[in-house]
1. Test of understanding: ordering GLU50, GLU68 by Cβ neighbours within 10 Å, fewest first, what list do you get?
2. After finding the eigenvalues of the alpha carbon gyration tensor for the stretch 57-107, what semi-axes result from the square roots of 5 times each, listed largest first in whole Å?
3. Residue by residue through the stretch 61-67, which ³J(HN,Hα) values in whole Hz follow from phi under the Karplus form 6.51 cos²θ - 1.76 cosθ + 1.60 (θ = phi - 60°), with glycine and proline marked x?
4. How do 3-13, 86-96, 71-81 rank on mean C-beta neighbours within 10 Å, highest first?
5. Hey, fewest Cβ within 10 Å first, where do TYR100, TYR54 land in order?
6. What order do you get for LEU47, LEU33 when you list them from fewest to most C-beta neighbours inside 10 Å?
7. Return the FRET efficiency for the residue pair VAL107, LYS3: r is the Cβ-Cβ distance, R0 is 41 Å, and the value is rounded to the nearest 0.05.
8. About the Cα centre of the stretch 67-112, what is the dipole size in debye to 20, counting +1 per Lys and Arg Cβ and -1 per Asp and Glu Cβ, all else neutral?
Amino acid sequence: MSKPKSWEVTDDFWMRVEPLVPVKQRPADRPYLRKAGGGRPPKSARLVFEAIVYVLRTGCQWRALPFERFGSCSAIHARFLEWKRAGFFEAIWQAGLAEYDCLEGIVWRWQSIDGAMMKAPLAQESVGPNPTDRGKKWEQASSAGRRTWRPIVAHRHRREPARRIPTGIGAGKDQGATVEPAAAPQ
C-alpha cells in the first residue's frame, strides 16, 4: 500500500475528526418554501475537510482547488466559513492538544510561541512554477549603475526625423546609416 499524500485524510484521522464536525441545523421557526431534501445534495464532510487540508498543505488559493477531485471551490469555501464560525477548527486544535498531552505530556508551566511567515512547503510541488515568471531572465547579470534591460531602438515620436547611427570609428556627420522605424503592418 502506498503512503498517502500529505493532504489526504486517512480513515484513522477522519474517525477522530468526524465527531467534531458541526451539523447544520435548520431553524424550526423559519418557514421553508421548498421541501426538505430538495436541490443538490451537500458535499460530504470528509471531502470538504480533505479539500481544506489540501489548501492548507499546498498553499494554493481556493480557486485553484482541483475541480475533478473536490468539485466547486466556492461550495468548499462556504463550508469552511461555516465551520470556522461554528468553532470547528478550534475544537480540532483543543482535541489535538489533549491527545498529545495524554501521549507525551505538555509542560503547561512554561510555553513559548514562535512563528514564521513563509510559503507552504508543498506549494511548488502541487501547483508548479509561477506563470508570471515565464520569460524572465534570472541569470542575466545587470550592468553596474544601469538598467538591466534597455530597448534596442530608442523610442521616438513619428514626427521626429530618423536618427543617424555612426557605422565606424571616427565617422563624421555625413557618414552613417539612417535608422527608419519599421512600417506598421496593414
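1. Details: GLU50 17, GLU68 6.
Ranking GLU50, GLU68 by Cβ neighbours within 10 Å, fewest first, gives GLU68, GLU50.
2. Taking √(5λ) for each eigenvalue gives 30, 14, 8 Å, largest first.
3. Once rounded to whole Hz, the list reads 7, 4, 5, 8, 4, x, 5.
4. Packing proxy ranking, top to bottom: 71-81, 86-96, 3-13.
5. TYR100, TYR54
6. By the 10 Å Cβ count, ascending: LEU33, LEU47.
7. Working: r = 32 Å, r/R0 = 0.79.
Computed FRET efficiency for VAL107 and LYS3 comes out at 0.80.
8. Numbers: 5 positive and 6 negative charges, 44 e Å.
Approximately 220 debye in magnitude.
Each reported figure results from applying straightforward, stated rules to the coordinates on display, with no laboratory input. What you see is a predicted model, and the numbers here were worked out from it, not measured in a lab. Cβ atoms come from the backbone with ideal geometry, glycine included; neighbour counts cover every protein chain shown.
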